[in-house]
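Working notes, structure below.
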Amino acid sequence: MVRDPLFDFTGKVVLVTGGSRGLGYQMIKAFAERGADVIIASRKLDNCEKVAMECRALGRRALALAAHVGRWAECDALIEAAYAEFGRVDVLVNNAGMSPPCPSHEMTESLFDSVLNLNFKGPFRLASQIGHRMAQGEGGCIINISSTGALMALPGVVPYGAAKAALNAMTVSLSREYAPKVRVNTISAGPFLTDIAEAWDPEKRESQPVALGRPGNPEEIVTAALMLASPASSYTTAALVRVDGGQL
């Protein structure tokens, strides 16, 4: 068990969407290793339960919940289940997302809606509802996982980039709306070797046009999440932290 006083989450409750794999899994594991009880949410309950079992093996309480966070009814059910089990959420990480490539002129309305729902509509619902509860209680921290696609021009994923840009703006707005008891920050993630990278050309899995010259490994997201969630970062809110290898 890790017990660094700056990153000790003993007694905290952390909810991560898209928490069963990729960046979400790495963050869940890191928080649990540092004392947090965790809520793992994604579409497939079996995958969430496997991660929950890992966390319970560390002595943590862990709740696995199936939820499509692009749908407000399922967001609300997720919130109610989390509060019924733990009574509060101290840290919310809005991590679930998708970025299916599609030429803009071929984009269907249903795909457009799906991308915006998962990357912005759902995170807004979770952040606003949980943020309000945090503000009414003992406070808390919200971390929105965004993308360099919101900061630079990327062809073929326009709705994704637009949704992540909206997420960035939402971070700043909610940081003011629920201040001073709730801190809201963004991690802007670059190219990471998560499941999505399995469809990349082999060359892209080895090399990326960033300062460090390579894609990130999923565990390299952890320190940014721990820093933003730590009570030691009590003067950090409305920030956008780039974890992108030095995206040009």
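The values are calculated or read from the model by the stated rules, or taken from the named source; none is laboratory data. The model shown is predicted, which means the values in this text are computed figures rather than measured ones. Using ideal geometry, Cβ is built from the backbone for each residue, glycine included, and neighbour counts are taken over all protein chains shown.
Annotations for the structure displayed:
- Residue in the range 9-28 that is of a type in the set (Lys, Arg), at pLDDT 95 or above, over 17 Å from ARG125 (Cβ atoms) and in a helix (DSSP H, G or I) present: no
- Filtered residues of the range 203-247 (kept if farther than 17 Å from ASN168 by Cβ, more than 15 Å from the chain's Cα centre (by Cα) and touching a residue at least 40 places away in the same chain (Cβ under 8 Å)): SER230, ALA232, SER233, SER234, GLY245
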